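The values are calculated or read from the model by the stated rules, or taken from the named source; none is laboratory data. Values in this document were obtained by computation on a predicted structure and should not be read as measured data. Cβ placement follows ideal geometry from the backbone for every residue including glycine, while neighbour counts extend to all protein chains displayed. These area figures cover heavy atoms from the full protein model, side chains too; ligands, DNA and RNA do not enter into them. Shrake-Rupley method; radii C 1.70, N 1.55, O 1.52, S 1.80 Å.
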Amino acid sequence: MRQRTDSELVAAVRAGDRAGFAELLDRHQGGVRAVTRRLLGESDAEDIAQEAFLQAYLGLHRLRDPSRFGAWLTAIAVNLAKMRLRERRVVVPLEEDPAADGARDSAEISDLVASALDVLPRHEREAVLLYYVEGLSSAEVAALTGERPGTVRVRLYRARRRLRSRLEALIPQAGKETRMVEVNVHDVVARTATRNGGEPEVVGERRIALLKETSGERILPIWIGPPEGDALALQLGGEATPRPMTADLMAKLLEATGARVERVAINSLRESTFYATIVLTTDRGEQEVDARPSDALNLALRVGAGIFVDDAVMEHAFTGDLETKVREEQDRLGLEAEAEGDWQSLSAEMVKAMHPSFPKEK
């Protein structure tokens, strides 16, 4: 006998076939119970699973895509589990120094941390609880919340910054300050090859921005996309695109509002992803804006702002052969190596040759 699909079972339940819902549960309850146990432990997992089954039965008329019943049921269970976590008022554990002067008692620390978590945007708070409290990886958090792993990493990064600013009173002041290293955009490189004795041409789909410290020889490679890399190479070569790009628009908007870019900073590297901030001076004082490094670097070049890198991030810099470092970075990031060519400086002429929108020189 042919097994009915989820869509057919949902239709049957909506028509009054209660046995169809039992068949749906037999098919999907194992995954739901596994998720609730992972998030809550054994104590509350079964209660939350049963509540999810009940809510799914009562709300089955709201399911838009019956073929996705399993994912919908799991999402209900995850949301209920998150609510139970918040009810527990679980907080991120902090390291305490018993010998520190003016040490706070654990109840006061818990209240401070809980209040800091409460003011986080909902998605950031959920990411923090699942990642730091429940011990899920960013990929697992992404799978449970329906987001991309990169989105989860960005939310965790932003949440850490917000929590750090609110919990400064709990951090011992004796620690050393973060050291920032000033750098400049030394070059943009791409995979190139010379064919049939002609001029070198770009054969790779990736670009690398090379940031060189101003008072040393270390160079930090940052992998960026072709549009952003090409824009950086044009700016370094004193060329402009036929039409304004995103960085040009950002610069004009800031100028129109009277804001000024003081500096940009590459301040974190987590799970192979670089993070940056743009520090602005506005009529409301100094403000920080999160940005992709490629956007921040393009904007800095256009407005003449300083570029800085956290000293811990500069540990990933190199001083030797570029090809060797690139191979190491490809292995670390799990990137497939290009089949041909060498990593060479991406000139403005190469960029213009790739883009037919540039006017031809006479």
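Quick one: Cα centre-to-centre distance for region 11-71 and region 180-249, in angstrom?
52
Counting other C-beta atoms within 10 Å, and keeping those with at most 16, which DSSP coil trypsin sites (Lys or Arg not before Pro) do you find in region 14-81? Numbers along the way, then the final one.
Numbers: sites: Arg14, Arg18, Arg27, Arg33, Arg37, Arg38, Arg62, Arg64, Arg68; in loops: Arg64.
Qualifying residues, ordered by number: Arg64.
Keeping every protein chain in place, order Thr151, Thr277 by accessible area at 1.4 Å, biggest value first, i.e. largest first. If you can, show how the numbers build up before the last one.
On the way: Thr151 35, Thr277 5 Å².
So, going from the largest accessible area down, we get Thr151, Thr277.
Provide the per-residue ³J(HN,Hα) series for region 283-288, in order, calculated from phi with Karplus coefficients 6.51, -1.76, 1.60 and θ = phi - 60°, each as a whole number of Hz, with x at glycine and proline positions.
Karplus values, whole Hz, x for Gly and Pro: 5, 9, x, 7, 9, 10.
Show me, for region 303-311, the HN-Hα J-couplings you get by feeding each phi into the Karplus relation (A = 6.51, B = -1.76, C = 1.60, θ = phi - 60°), rounded to Hz, glycine and proline as x.
Coupling constants for region 303-311: 10, x, 7, x, 10, 10, 10, 4, 4 Hz.
Which order do you get for Tyr157, Tyr131 if you rank them by accessible area with a 1.4 Å probe, largest at the top? Walk me through the numbers on the way to the answer.
On the way: Tyr157 15, Tyr131 65 Å².
Highest to lowest solvent-accessible surface, that is Tyr131, Tyr157.
Skipping prolines and chain starts, which residues have an amide H placed within reach, meaning under 5 Å, of the one on Arg206, given they are 5 or more residues away or on another chain?
When sequence neighbours closer than 5 places are left aside, the close amide H contacts are Arg191.
Run the 1.4 Å probe and let me know the accessible area of Lys212, rounded to the nearest 10 Å².
40
With a bin width of 5 angstrom, please list the P(r) values of region 226-273 as percents of all Cα-Cα pairs, from the 0 bin to the one holding the largest distance.
Over region 226-273, the share of Cα pairs per 5 Å bin runs 4, 16, 19, 20, 22, 13, 6, 1 percent.
Subtracting the Cα-Cα distance from 0.36 nm times the residue separation, let me have the gained length for Thr319 to Arg68 in nm, one decimal.
Details: separation 251, 0.36 × 251 = 90.36 nm, distance 5.22 nm.
Full-extension gain reported as 85.1 nm.
In whole Hz, with x marking every Gly and Pro, tabulate ³J(HN,Hα) for region 193-198 from phi via Karplus 6.51 cos²θ - 1.76 cosθ + 1.60, θ = phi - 60°.
Karplus-based 3J(HN,Hα) across region 193-198 equals 8, 9, 10, 6, x, x Hz.
Let's test the formula: R0 of 35 Å, r as the Cβ-Cβ distance of Gln50 and Arg270. What FRET efficiency results, to the nearest 0.05? Walk me through the numbers on the way to the answer.
Working: r = 38 Å, r/R0 = 1.07.
In this case the efficiency is close to 0.40.
Rank these by accessible area, largest first, 1.4 Å probe: Ser138, Ser345.
Details: Ser138 5, Ser345 60 Å².
Accessible-area ranking of Ser138, Ser345, largest first: Ser345, Ser138.
Multiply the residue gap between Arg263 and Ala143 by 0.36 nm, knock off their C-alpha separation, and tell me the result in nm, one decimal place. Don't skip to the end; give the middle numbers.
Numbers: separation 120, 0.36 × 120 = 43.20 nm, distance 3.60 nm.
Extra length available between Arg263 and Ala143 comes to 39.6 nm.
What distance in nm lies between label points placed 7 Å from Cα along the C-beta direction at Thr246 and Glu286?
2.7
Starting at 0 and stepping by 10 Å, how many percent of the alpha carbon pairs of region 1-80 end up in each bin?
Calculated P(r), rounded to whole percents: 19, 53, 24, 4.
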